[in-house]
Structures are given as structure tokens and as C-alpha cells.
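**Q** Before I ask anything, here is the structure I am working with.
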Protein chains: 2
Amino acid sequence: MAVPVGLDLPDGLRTPATLVFADRMERNLAAMSAFARDANIALRPHAKTHKCREIARLQMALGARGLSVATVGEAEILARPGNARADGSPDVTDIFVAYPLWADKDLIDRLSRLVDRARITVGADSPEAVRRLAPISRNVQMMIEVDCGLGRSGVSPEEVTKIARAAEHIDLELSGVFTFPGHSYFPGAGARAAREEAAALGRAKDFLARSGFECAERSGGSTPSARHVRETDLTEMRPGVYVFNDAQQVELGVVEMEDVALMVAATVVSRPAPGRFVLDSGSKVLGADRPSWATGHGRLADWPDARVVGLWEHHAVVELEGAGPALGDIVAVVPNHVCTAVNLVPELVVVDGGSVVDVWPVAARAANR
Amino acid sequence: MAVPVGLDLPDGLRTPATLVFADRMERNLAAMSAFARDANIALRPHAKTHKCREIARLQMALGARGLSVATVGEAEILARPGNARADGSPDVTDIFVAYPLWADKDLIDRLSRLVDRARITVGADSPEAVRRLAPISRNVQMMIEVDCGLGRSGVSPEEVTKIARAAEHIDLELSGVFTFPGHSYFPGAGARAAREEAAALGRAKDFLARSGFECAERSGGSTPSARHVRETDLTEMRPGVYVFNDAQQVELGVVEMEDVALMVAATVVSRPAPGRFVLDSGSKVLGADRPSWATGHGRLADWPDARVVGLWEHHAVVELEGAGPALGDIVAVVPNHVCTAVNLVPELVVVDGGSVVDVWPVAARAANR
């Protein structure tokens, strides 16, 4: 078995298996916590990346203010349980659904139950969406989503006031404004995205102030832009990927391969031609995300010159000149986008010092609503 | 609520929801069965697309010879249960693991139990892989994988004999040769891929014959190449996607939008700018597959001019000039690649005549091994 550089793979792995390297993960968690503390910006990690109760509690223990999630379902699974735990580990009691929620009766009912377990804030980017929160307007807080250049959801800073007025009208507390600088996902774009993020949030705050609205929170942050938010006026950052990192972050230059804490163990099942081999880790375990600037469909931790040139559901086709791993060898594959890779498996196999030390359920897997 | 052209969406859908339109699916199943019967080629549908026991039984009832699967796990879940069912519906008793299996002790143990429930054939593309089947060589059959131009796994036709010899050496029955003409997934490429498939399988058969090996089965078939296998020497075809179809098949010209039987119901959660709106169906429900020739990340059944220009985990960004759907409307999104979309959800909501008539568990979801 090929032992990846710097990695100790447990014996007898059954592939494909999604592994978390505990020491690397803990280092990543601690580093981002320290950065946020040092920058005097509250850290509210996005839990869509890991979807694990175990990791949520580690983030809270390291000083996170609360969690960000994308769906009410993720919030339901990760919020403090109805009964306090005996071990006294920190509970998740503050959750921001960082999404332009369109609340129907089902979501209203679920949110109205959820507020007993955690302080809940939801996102909105239209007066219409705000008005739908009327049945729970006294029980939740709201953040207005601003677009800082990505062109996804969120309004321009000029438009925030009408949304604030809609909230005021139903007595819904406005916590502030948020944005996602997702255009940081391009080589060299992190610093500029962070500047645009800060500028958009600042302008939104100014527009709100002119109409007499307070804007206590300016919340932003993606992993590629995270290190550039120091010296900005942000009050909160919401990176998600940093807990594990992935091939995208490595190829963007955000982190080194040694910072990647989640990999898929895969077996070389076929070597049909010189310079080409096939792994049993396909798109149903790695995910199919592949930005235009990526070198391929993920990276091999052990073989920096290898390129994953093709990906099917159960085949990753790798090109590598020279010897490479042999038929039957197990190698470690770094997914392009760890958030979608985690969502594909029921559990994460936690590895430390070359042994399996735990198995964590991906508790909020497929909690898409 | 916008009612898609030709589609009747049930009231009160909670989005995102992965819907199967029963009438369309049954039409697709019947059409492929009739085609195969007419072409005198055995149909062994690939179950990786649907992963549902209910659909497997429908395929068997319509005359399928058995199923293809990609993993032993899929076979375990879809094979005839230990106890016969009372309703007498057709069981799956013949399964081909159409994959270059690298069998370790765990897989050998599982295969040795599985042969009590179904006739099992496995794929191999190296003498080394064949030799690993020695402990179960009297209980399973083997097919040699041939590459017909895709450049994934599989050997060239010239190399099949050494694999046949390895099988003979351990008394493993060789059923024949198989290939996957995946290069059919390019506009206009279906007919040529089918010709190359037939040629490669024919050459492999000839090479085997020269060394005295029989080659009863020549198995091929992808959905884009399926309609081109008439008049070939194939004995078996293994299309998978045809049961549902998807945006890829529509954009390849293989089928019409009316043939698409699986769609994701999604809500318009944001309309941040004229000509742009955001749906709550992201890559965690649609899948991130996006071939270079696709118009976007899926299609809207109702809005042929709409383009899904951006996809994040919980956002599909759609561009469409003119009116389009309103905030809160529910629309039907056709995923690019239905096999990965199905694998993302625990269940499929079966719709007929505008009502939910059933819910099918995606029983073999994430059965990646």
C-alpha cells in the first residue's frame, strides 16, 4: 500500500472511504478561531461543509459565536437538543440561516419550534420574503442579504432600506446585513472579493443609517477571502470549507496540501495503459464540482503530478507519467469541493496517528430544506 | 404556482423535492424494452440510475434479463430477498457488476453470500483482478472489460486473451466481453460510439476465438448509443439513464423534454435583478455534473429559454429575459445527470395525474462499494 506523504492510512481500509484526519482538522479549526479572535471579528462557521454535530461542538468550544447554516433542516439537526447533554460540551444555541428564505407554512411551523432550542436569525432579500415571516416575527431576527459582486442572490446596497421597512412593519428585528463573496473562488481573487464584500456591507449600513435603521452586524466571509477581512468593518465571518479544505483551496493558493483534512481513500482498480490508472472514487463520492481553473476532478495527496482527467460515477481516471501506484494500492484523493463530497456519504471515518479513532455521522446530510 | 407545460404538479409541494412522473417513466421503460425485444438484444438495465427496488422490479416485469450494477453494494440491495415476496412480482435473480472489480476479503465474503440470492457476474480488466476472484471462482461468472474508445477502464481487444487465460486457470467461467461507449456523451456522437462499441466487442470475440475461448456475450450500451445498436452483433445492452432521462439526453438530442420523467420541484426564492432569479435547488439536489457542451446546470421544463447559469449548493441562478416565474412560484428543474441527482436524496416522490401516489426509497443510495 502506498503511504501518502505525511499521511498514515489505517490498515484494512474498505474503499472508497471518506476520511477525516483529526490532527489536521483540529489545526484548521484552531487557526481560524485564532485569526478571528485576533482580527476582532466574530466567527460563525458555516456548518454546510461538515454537517456533523461533533464538529459543530468543537467549533463552539473554540469560541465560535454560533453557526451558519443554509437550511432550516440543518439548523434543526445541529441546534442544541431539547435535553442538555451530561458531558457539558458547548451547545449550539445561536444559528443564522444564511439564505434568502422563502417561508411557507411548513417552514414557519418548524422555525416556531426551533426557537425554543436556539436563537434563530434568517436571511431575506425581498420585502415579499420578509412579509412571509410575519407569523414568527417576534421570535426570530433577520439579516438582509446584499450582493457584493457574485451575482447570485442578495440586493444591491441601495435597495436594503425597503427590506428594512418591511421588517419594521411586522416588528421583525433587523440584525444587520450579510453577503457571500463567492467570486473569491478564482485564482488571485480573494483579496479583491474581500474588499468588495466590505465595501458593499459598508454601503448597505450607510443606506440603512440614512433612513434611521441600525445595522449592528456586517457578516461576510468565504474561506478564500477569510484571510483578507482584517482591517475591514465586518463584525462577523462565516467561512465553512476551512475546517477540511479541499483541492480548490489548494489550487487557489489559499492553503497547502498539508492543510487538507478530508480525503477519500481509493483503490487502484485498473491500470489499462501506461501512464493511466483508475480509482474506485467516482463522482458519487468525490462530487462532480469542477471549476474552469481546476487542474482536474480533485488531486492525489501523494502524487502531486497526477491529474484526475476523467470522472464517472465510480471511476476516477488519473494520468501520471512514470511509475505511480500499483494495481490494488490505496491512495488518498482530495475532492475539489469538500462540501458536496461530505454530503454524499452517511459517515466520516476519523483517523488519527494511522488508526481509525471514531466515525461521525453526517447528521445533516441531504437536509436540503 | 406556475404549472409546467404538460406537467401537473401536486399542490403543497415542499421544495426542493425530487419527483418521478410515473406515466413518463413507464413509457420510457416500455419503449426501451420494446426496442431491445425488436432488436433481439437482451436488456440488462443499469440500476445505478434509479437505485430503487420498485423500478428494478418494473424492469424485470418488462422482460429485462437481469440488472447491471456498479458495486457489490448495489447488487446486495437489489437482488432477490432471502424470502420470496407474497405478491409474486418478478425478482432480480441475475446481476452483472459491470465494473473492474478489485476484490478484497470483504468483497469476496459478500459475493460468496450474494450468490445464494442471484446469479452474479463480475467484470475484470486484468489477470491480477481475475486471480483475486479465486476463492469464489466456481460461484460467479466473469466478463472481460474492453475499451472501445472512451479511455476509462477496459483493455484493448488484443489483450483479452491473457485475462481469459487467468480465468481458465482458476476455473472461473468466462461469459463474454463488455464495454461502455461513454464517448456517446457528445452531440452527434451516439451512432459512431455504437459502431466503435460493436467493433471492439467483435474484435475481442475474434481474439478469444483464435485462442479457443468462447465468448457468448457481447454487452454494451449507454442511453445515447442505445438506439444505434440494432444490426450489431451485441447480445446485451445496459442503458441506465433511459428510465428517467435528463437535460444531457435532451441537449444531446437523444430524447425530447416530454420524455424526461424525473425533475426537481424548486421554489423561486429570490428575484434580485431583472432577467435573473434564484431557485432553492442547488448542487446538493441537482448534482454538479456539467459537460462542456451543456447550456447550463440543468434545464427548466417550463421555460425552454431559461438558462441555469450558476449553481451553488442551495442556489440555482437562472437567467431568462421577459416575465418568467414570480417569487414563490414552484418550477420543475431537469438535472443535467439524473444518476447523480437520484443519489443525493433519500427518496423519490412519485407523481401521477397531479397527485403524489407513492414515495420510493433510493434504497441503494451511496452504495459506493
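**Q** Taking the criterion of being part of a helix (DSSP H, G or I) and either at pLDDT 95 or above or surrounded by fewer than 14 Cβ atoms within 10 Å (Cβ to Cβ) (or both), would at least one residue in region A:42-54 satisfy it? Break it down stepwise before answering.
**A** Taking region A:42-54 and keeping what is part of a helix (DSSP H, G or I), we get A:53-54.
Add one more test, that the residue is either at pLDDT 95 or above or surrounded by fewer than 14 Cβ atoms within 10 Å (Cβ to Cβ) (or both), and what stays is A:53-54.
Yes, region A:42-54 contains a residue that is part of a helix (DSSP H, G or I) and either at pLDDT 95 or above or surrounded by fewer than 14 Cβ atoms within 10 Å (Cβ to Cβ) (or both).
**Q** Can you name the number of the only condition in (1) surrounded by fewer than 23 Cβ atoms within 10 Å (Cβ to Cβ); (2) within 20 Å of A:E145 (Cα to Cα) that A:L67 fails?
**A** Failed condition: (1).
**Q** Quick check, is A:E231 assigned to a loop (DSSP other than H, G, I, E, B), in contact with a helix residue (DSSP H, G or I) (Cβ under 9 Å, 6 or more places away or on another chain) and not polar (S, T, N, Q)?
**A** Working: assigned to a loop (DSSP other than H, G, I, E, B): yes; in contact with a helix residue (DSSP H, G or I) (Cβ under 9 Å, 6 or more places away or on another chain): yes; not polar (S, T, N, Q): yes.
So A:E231 passes the test.
**Q** Taking region A:179-214 on its own, how many of its residues are within 17 Å of A:D233 (Cβ to Cβ) and of a type in the set (S, T, Y)?
**A** 1
**Q** Please verify whether B:A216 is surrounded by fewer than 21 Cβ atoms within 10 Å (Cβ to Cβ), out of contact with any helix residue (DSSP H, G or I) (no Cβ under 6 Å at 6 or more places or on another chain) and of a type outside the set (D, E, K, R), treating the condition exactly as stated. Lay out the reasoning, then the answer.
**A** Working: surrounded by fewer than 21 Cβ atoms within 10 Å (Cβ to Cβ): yes; out of contact with any helix residue (DSSP H, G or I) (no Cβ under 6 Å at 6 or more places or on another chain): yes; of a type outside the set (D, E, K, R): yes.
Yes; evaluated as a whole, the condition is true for this residue.
**Q** Sticking with this structure for a sec: Please work out if A:V269 is in contact with a Leu (Cβ under 9 Å, 6 or more places away or on another chain) and within 7 Å of chain B (Cβ to nearest Cβ).
**A** Working: in contact with a Leu (Cβ under 9 Å, 6 or more places away or on another chain): yes; within 7 Å of chain B (Cβ to nearest Cβ): yes.
Criteria met by A:V269.
**Q** Can you tell me which residues in region A:234-246 are more than 14 Å from chain B (Cβ to nearest Cβ) and assigned to a loop (DSSP other than H, G, I, E, B)? Before you say what the answer is, go through the steps one by one.
**A** So in region A:234-246, the residues more than 14 Å from chain B (Cβ to nearest Cβ) come out as A:234-237, A:239, A:242-245.
Residues satisfying the conditions are A:L234, A:T235, A:P239, A:F244, A:N245.
**Q** Exactly one of these conditions fails for B:R119: (1) modelled with pLDDT under 95; (2) touching a Gly at 6+ places or on another chain (Cβ under 9 Å). Give me its number.
**A** Only one criterion in (1) modelled with pLDDT under 95; (2) touching a Gly at 6+ places or on another chain (Cβ under 9 Å) is unmet by B:R119, namely (1).
**Q** Would you call A:E256 without any contact (Cβ under 8 Å) to a residue 40 or more places away in the chain, acidic (D, E) and in the same structural domain as A:L348 (by TED's automatic domain parsing)? So that I can check it myself, show each step before the final result.
**A** On the way: without any contact (Cβ under 8 Å) to a residue 40 or more places away in the chain: yes; acidic (D, E): yes; in the same structural domain as A:L348 (by TED's automatic domain parsing): yes.
Yes; evaluated as a whole, the condition is true for this residue.
**Q** Every residue in region B:136-173 that is within 12 Å of chain A (Cβ to nearest Cβ), in contact (Cβ under 8 Å) with a residue 40 or more places away in the chain and at positive phi, please.
**A** Within region B:136-173, just B:G154 meets the criteria.
**Q** Then there's this: Would you pick out the residues in region A:297-317 that are away from chain B (no Cβ under 11 Å) and not aromatic (F, W, Y)?
**A** Our first condition is that a residue be away from chain B (no Cβ under 11 Å); within region A:297-317, this holds for A:298-308.
A:G298, A:R299, A:L300, A:A301, A:D302, A:P304, A:D305, A:A306, A:R307, A:V308 - these are the residues of region A:297-317 that are away from chain B (no Cβ under 11 Å) and not aromatic (F, W, Y).
**Q** Condition (residue is facing chain A (nearest Cβ under 10 Å), in contact with a helix residue (DSSP H, G or I) (Cβ under 7 Å, 6 or more places away or on another chain) and buried (at least 21 other Cβ atoms within 10 Å of the Cβ)) applied to region B:274-283: is it met by at least one residue?
**A** Yes, there is a match, as at least one residue in region B:274-283 is facing chain A (nearest Cβ under 10 Å), in contact with a helix residue (DSSP H, G or I) (Cβ under 7 Å, 6 or more places away or on another chain) and buried (at least 21 other Cβ atoms within 10 Å of the Cβ).
**Q** Quickly run through region A:282-307 and pick out the residues that are assigned to a loop (DSSP other than H, G, I, E, B) and small (G, A, S). Lay out the reasoning, then the answer.
**A** Filtering region A:282-307 down to residues assigned to a loop (DSSP other than H, G, I, E, B) leaves A:282, A:287-298, A:301-306.
Within region A:282-307, A:G282, A:G287, A:A288, A:S292, A:A294, A:G296, A:G298, A:A301, A:A306 qualify.
**Q** Additional query: So if I check each of A:A216, A:A261, A:A265, A:A288, which one is modelled with pLDDT of 95 or more and either of a type in the set (K, R) or assigned by TED's automatic domain parsing to the domain that holds A:A198 (or both)? Quick ask: steps written out before the conclusion?
**A** Numbers: A:A261 fails: either of a type in the set (K, R) or assigned by TED's automatic domain parsing to the domain that holds A:A198 (or both); A:A265 fails: either of a type in the set (K, R) or assigned by TED's automatic domain parsing to the domain that holds A:A198 (or both); A:A288 fails: either of a type in the set (K, R) or assigned by TED's automatic domain parsing to the domain that holds A:A198 (or both).
After applying the criteria, what remains is A:A216.
**Q** Taking the criterion of being among the polar types (S, T, N, Q), modelled with pLDDT of 95 or more and surrounded by fewer than 21 Cβ atoms within 10 Å (Cβ to Cβ), would at least one residue in region A:31-40 satisfy it? Please lay out each step first, then the result.
**A** Step one: list which residues in region A:31-40 are among the polar types (S, T, N, Q), which gives A:33, A:40.
Still in the list and also modelled with pLDDT of 95 or more: A:33, A:40.
Filter again for surrounded by fewer than 21 Cβ atoms within 10 Å (Cβ to Cβ), leaving A:33, A:40.
Taking every residue of region A:31-40 in turn, at least one turns out to be among the polar types (S, T, N, Q), modelled with pLDDT of 95 or more and surrounded by fewer than 21 Cβ atoms within 10 Å (Cβ to Cβ).
**Q** Those residues that are within 16 Å of B:A306 (Cβ to Cβ), part of a loop (DSSP other than H, G, I, E, B) and not polar (S, T, N, Q), I need them from region B:247-281; list them, please.
**A** Pass one, region B:247-281, residues within 16 Å of B:A306 (Cβ to Cβ): B:247, B:250-251, B:257, B:260, B:263-281.
Add one more test, that the residue is part of a loop (DSSP other than H, G, I, E, B), and what stays is B:260, B:274-275, B:280-281.
Once the filter is applied, which keeps residues that are within 16 Å of B:A306 (Cβ to Cβ), part of a loop (DSSP other than H, G, I, E, B) and not polar (S, T, N, Q), region B:247-281 yields B:V260, B:P274, B:G275, B:D280.
**Q** Turning to a different aspect of this structure: Has region B:345-367 got at least one residue that is buried (at least 23 other Cβ atoms within 10 Å of the Cβ), under 15 Å from A:D289 (Cα atoms) and within 14 Å of chain A (Cβ to nearest Cβ)?
**A** First, the residues of region B:345-367 that are buried (at least 23 other Cβ atoms within 10 Å of the Cβ): B:348, B:351, B:364.
Going one step further and asking which of them are under 15 Å from A:D289 (Cα atoms), we end up with none.
No, there is no match, as no residue in region B:345-367 is buried (at least 23 other Cβ atoms within 10 Å of the Cβ), under 15 Å from A:D289 (Cα atoms) and within 14 Å of chain A (Cβ to nearest Cβ).
**Q** Also, I was wondering about something else. Within the bounds of region A:322-340, is there any residue that is assigned to a strand (DSSP E or B), within 9 Å of another protein chain (Cβ to nearest Cβ) and touching a residue at least 60 places away in the same chain (Cβ under 8 Å)? Lay out the reasoning, then the answer.
**A** Initially, region A:322-340 is screened for residues assigned to a strand (DSSP E or B), giving A:330-334.
The next check asks that each one be within 9 Å of another protein chain (Cβ to nearest Cβ); those that pass are none.
No: region A:322-340 contains no residue that is assigned to a strand (DSSP E or B), within 9 Å of another protein chain (Cβ to nearest Cβ) and touching a residue at least 60 places away in the same chain (Cβ under 8 Å).
**Q** On the given criteria, is A:T179 more than 19 Å from the chain's Cα centre (by Cα) and at pLDDT 95 or above? Lay out the reasoning, then the answer.
**A** Values: more than 19 Å from the chain's Cα centre (by Cα): no; at pLDDT 95 or above: yes.
No, not satisfied.
**Q** Let me ask something additional. Return only the number of the condition from (1) part of a strand (DSSP E or B); (2) surrounded by 24 or more Cβ atoms within 10 Å (Cβ to Cβ); (3) not acidic (D, E) that B:G310 does not satisfy.
**A** Of everything listed in (1) part of a strand (DSSP E or B); (2) surrounded by 24 or more Cβ atoms within 10 Å (Cβ to Cβ); (3) not acidic (D, E), B:G310 misses just condition (2).
The values are calculated or read from the model by the stated rules, or taken from the named source; none is laboratory data. Everything numeric here is computed off the predicted structure, so don't read it as measured data. FYI the Cβ positions are ideal-geometry reconstructions off the backbone, even for glycines, and counts take in every protein chain you see.
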